[in-house]
Structure formats: structure tokens, C-alpha cells
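Engineer: One structure, pasted below without further comment.
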Protein chains: 2
Amino acid sequence: MRIDLSRDVLAGNDSTAEANQRALADAGVLCVGLLSSPGAGKTTLLEATADAWGDASRLAVIVGDVATEADADRLRDKGIPSIQINTQHHGATCHLTAESVTVALAQLDLDSTDLLFVENVGNLVCPVGFRLGEHRRVVLISVAEGADKPIKYPKAILETDLALVTKTDLAPYVDVSLESLTHSIRQVKPNAEILGLSTKTGDGMAEWVSWLRELKAGSVA
Amino acid sequence: MRIDLSRDVLAGNDSTAEANQRALADAGVLCVGLLSSPGAGKTTLLEATADAWGDASRLAVIVGDVATEADADRLRDKGIPSIQINTQHHGATCHLTAESVTVALAQLDLDSTDLLFVENVGNLVCPVGFRLGEHRRVVLISVAEGADKPIKYPKAILETDLALVTKTDLAPYVDVSLESLTHSIRQVKPNAEILGLSTKTGDGMAEWVSWLRELKAGSVA
């Protein structure tokens, strides 16, 4: 397996991503992409977001995984319309492509959707270069991963719009805090927008939902 | 970027990996590969292993990262000869290749090495298909990642020889335990070899070092 960084492939993906983004904006749907390591809490965040949003049926999720339908099942249990893409049946296993999102979009009722999340495969490297049509991209970094991850995976910080520091309730047990992660995120990107949250305690959830509502109220989509 | 799963590329990597493995066996060096998500504790495990092994200078590490020399610096501080490979300067960013390991081997003094670790890029997907010349491969899964990761990334379990459940000291705070992870690992691979450990408390370190010493005493290399 070799990564072919040919400009043609990336340009093809980018133009499909732009078409997805236009189609979503035309339908009045705000699209937010989520990237992270495996186990940083993307699906749990979406479950908590559904509770905080009020009407879960106005959200939708396209979720990518190497295998299983587990995440989409969890989200459907919360009342969120969800499409699972198993990447092992596609050419690229380690990330979603704009084309796979186009296929998934056709299965969603965009007219009754306010906010669409695209939850990528758990991977801090491969998904970064592939725009999918998101209006904003969010990277999640759990305090349990250590304070050095932003520096070791800098593109995941540089090419996203918000860094969400998750599992802040674990900070006392791992010698990593929102402050130490903020420090290393800003070493990579001095003006980074950063929020900390814990779905367990609820800390930071209000700020996250405000961030989403402000985007939605603005002119993005 | 498209993953080209062509048989030629994989076969070329495999034959280079076999040559690495033979060269290491000829030099009497046992080679153990480490795979995991970002932040599962690979480098911290190697620091603790150096302390437990007795003579850190008899160990060596080849460490892959997208960016930075940080991990090799940490390991050199422990007295372990270490070579850092920055994958962003190679064709494939998201995993090491057998060829990159061949280049690194030439920079190590194999005659004074008992045990060589190859620490891959933090990524549970891409490194799995690329043998590097290891005699054994170990996957680390932190309890903080959640009990479902073995099921969502099954090849990382199926194509490795030992599953190390790390950060077991965090189990009380994350509602995931060695037992629940063992359960999901065995769903993927019923006869999986599994060890749990915490470098913070030292629990399980003796079993891990015994596993290494038994391999070394055996006929593997």
C-alpha cells in the first residue's frame, strides 16, 4: 500500500468536496466534520450534542469506520438519522472521501436537517488532506492522549477550525490539562480556537453548543 | 491521496521486511514492533521497559512519526540508542515501510543490541498491512480509548501477536476495564494473547518484561 499524493486525485476530491458543500448550503444545512484519534470521543460527543440541541431529528450524521455499524446504531438510538460508511469496502480504508459523502448525502433528508456532522475514521493523519464538503472542521484531542499530540500531528491542528479538548474530567489522573494542551496547540497554531469539554461532567458542553448555534445563525449555510 | 493496494507494492514491502528479519536474526537481535492509536503509551512503555530491562544500552528503538524528533529524544534520555524516522519526508506519511527500517538499521550497532523495538506512527489502520521485519508485533490499546476499539479496528488485533491493554490505572474513571477490553479483543480473535499494564503503577510490567525475556531466550532471534 503506497500513498499516492498525486495532484489529480487530491484535485478530484477537492472539486467533489466543493460540490457537496454547495449542495449542503443550498439546502440550508450546516456541515461540521469531526477528526480525531480512535477513542477521543467523537460519537459520545454527538450523543451529548443531540441531548443539548433539543430536537435530535434535526441533526444528521455520516460516520466512517473501517468496520462495524456500531456508531451509526448508537446515534440512531439517540434519534439522529445516521449513515454508516464502512471504508474497508472502498479504495481508501483510513479516511472518508468526498465521493463517499456524496453517496451518503443522497440517503439523507436534507430538507429536515439543520446540522450535519461527518465523523471520520479514527485517525489523526490520513483524513486531514481530504476535504469532504464541511463548512467547518473540528479536531478532538483527548487529555488521555498526552499533551504532545498537537505537536506530533501538526496538520490535524493547522487544517481544522476548532480544537476540542475532550475528556477533561480525566485531567487529574493523566497529568495533562486543558491548559497544557492549549499550550501545545498554540505552539502549532498561535491563533487556534480551542474549547475544552467533558461529556461525563457536562463541563464545556454549553460553549460547544453555542459555537454550533452561532455558526448556524451566521451565514455559513 | 488514494491508497494503492496493488499487490506489487505490498509484495515489494514484504520481501524487504523478510530481508530485515533475516538480517536481525543473523545478528542475534530480537525485533518487536509496536502499533497503536496516538497516545496509547508506546514511548512511555519503552521508557519503563528500559528501566526494567537493566541495561538500556542493550535495547534500541526505531521510531516513526509524522513530525518531530521528540520520541527519540525521550528514549535517548533513557540511554536507549534511537533512530527517528519522520514519515512526512517519505511517500507514505501514515506508517513506516520496510525500506525505511532498512535505512535505519544501517545506523544502529546491532552487535551490541539484544532487543530492537520499532515504534510505528500512531495509527490503528495504515501500519497494519506493512510488515517491517519484526519477529513479533504488539498492539497497544489504552483503556481510555473505550472497549469497542478492537471490534472497530479488527485487523490491528488479527495481525498482531500480543494485545497490550495500557493505562489500566485509568479504568475506574473511564468505565472500561482490562476485562471488558479482553472480552472485545476475544470477540475478534478468540485465542488472542493479552496482557494489561500501567506504567504509572507498575502493574503488569513484570509480565510484559517476562514475555520479552522468554521470546529472547527462545529461538526467535
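Any read-out appearing in this document is the output of simple, stated calculations on the displayed coordinates, not a laboratory observation. Every value quoted in this text rests on a predicted model; they were computed, and no experiment measured them. Note that each Cβ is placed from the backbone with ideal geometry, even for glycine, and that neighbours are counted across all protein chains shown.
Engineer: With only Lys, Arg, Asp and Glu charged, each at its Cβ (+1 for the first two, -1 for the last two), find how big the charge dipole of chain A is about the Cα centre; round to the nearest 20 debye. Intermediate values should be presented prior to the final figure.
Structural biologist: Numbers: 20 positive and 30 negative charges, 90 e Å.
With Lys and Arg at +1 and Asp and Glu at -1, about 440 debye.
Engineer: To continue, here is another question. To the nearest whole number, what is the average tally of beta carbon atoms from other chains within 10 Å of the beta carbons of peptide A:124-132?
Structural biologist: On the way: counts 8, 13, 8, 0, 3, 2, 2, 0, 0.
Other-chain Cβ atoms within 10 Å of each residue's Cβ, averaged: 4.
Engineer: Among residues other than B:THR113 whose Cβ falls under 13 Å from its Cβ, what is the net charge (Lys/Arg +1, Asp/Glu -1)? Intermediate results must be reported in sequence, preceding the final value.
Structural biologist: On the way: positive: B:ARG58, B:LYS216; negative: B:ASP26, B:ASP55, B:ASP109, B:ASP111, B:ASP114.
Computed value for this residue: -3.
Engineer: Further, regarding this structure: Put the label 7 Å from Cα along Cα→Cβ for B:GLN107; what are its distances to the other copies, in nanometres, shortest first?
Structural biologist: Distances to the matching label points in the other copies: 4.6 nm.
Engineer: Hey, which residue of A has the C-beta nearest the axis mapping A onto B, and what's the distance in Å?
Structural biologist: A:ALA144, 2
Engineer: For the pair A:THR201 and B:SER15, what calculated FRET efficiency results from E = 1/(1 + (r/R0)^6), where r is the Cβ-Cβ distance and R0 = 60 Å, to the nearest 0.05?
Structural biologist: Once the sixth-power term is evaluated, E becomes 0.70.
Engineer: Using Cβ counts within 10 Å as a stand-in for footprinting exposure, how do B:GLU145, A:GLU119 rank, fewest first?
Structural biologist: A:GLU119, B:GLU145
Engineer: Which of the cysteines found in chain B have nothing to pair with, since no other Cys Cβ lies under 4.7 Å from theirs?
Structural biologist: That list is B:CYS31.
Engineer: Sticking with this structure for a sec: Simple spin-label model, 7 Å along Cα-to-Cβ: A:SER112 to B:ASP55 in nm?
Structural biologist: 7.2 nm
Engineer: A further question follows. Using only the Cα atoms of the range B:1-119, build the gyration tensor, take square roots of its eigenvalues as a ≥ b ≥ c, and label the shape rounded, prolate or oblate: rounded if a/c is under 1.5, else prolate if a/b is larger than b/c, else oblate.
Structural biologist: Numbers: a/c = 2.14, a/b = 1.34, b/c = 1.60.
Judged from the Cα gyration tensor, the range B:1-119 comes out oblate (a/c at least 1.5, b/c at or above a/b).
Engineer: Another question, then. Taking the Cα centre of the range B:66-129 as the origin, how large is its charge dipole in debye, to the nearest 20, when only Lys and Arg (+1) and Asp and Glu (-1) carry charge on their Cβ atoms?
Structural biologist: On the way: 3 positive and 9 negative charges, 36 e Å.
In total the dipole reaches around 180 debye.
Engineer: For B:ASP161 and A:GLU193, what does the FRET efficiency come to when R0 = 41 Å and r is the distance between their Cβ atoms, rounded to the nearest 0.05?
Structural biologist: E between B:ASP161 and A:GLU193, to the nearest 0.05, is 0.45.
Engineer: On to the next question. Give the distance, in whole Å, between the Cα centre of the range A:183-220 and the Cα centre of the range B:94-130.
Structural biologist: First find each Cα centre; the distance between them is then 37 Å.
Engineer: Based solely on its DSSP helices, what 222 nm [θ] is calculated for the protein assembly as shown when runs of n ≥ 4 H residues each add -39,500 (n - 2.57) and the sum is averaged over all residues, nearest 500 deg cm²/dmol? Please list the in-between numbers first.
Structural biologist: Details: 18 runs with 170 residues, N = 442.
So the helix-based figure for the protein assembly as shown works out to -11000 deg cm²/dmol.
Engineer: Shortest first and in nm with one decimal, please list how far the B:ARG213 label point sits from its counterparts in the other copies (point 7 Å along Cα→Cβ).
Structural biologist: Result for B:ARG213, in nm, nearest copy first: 6.1.
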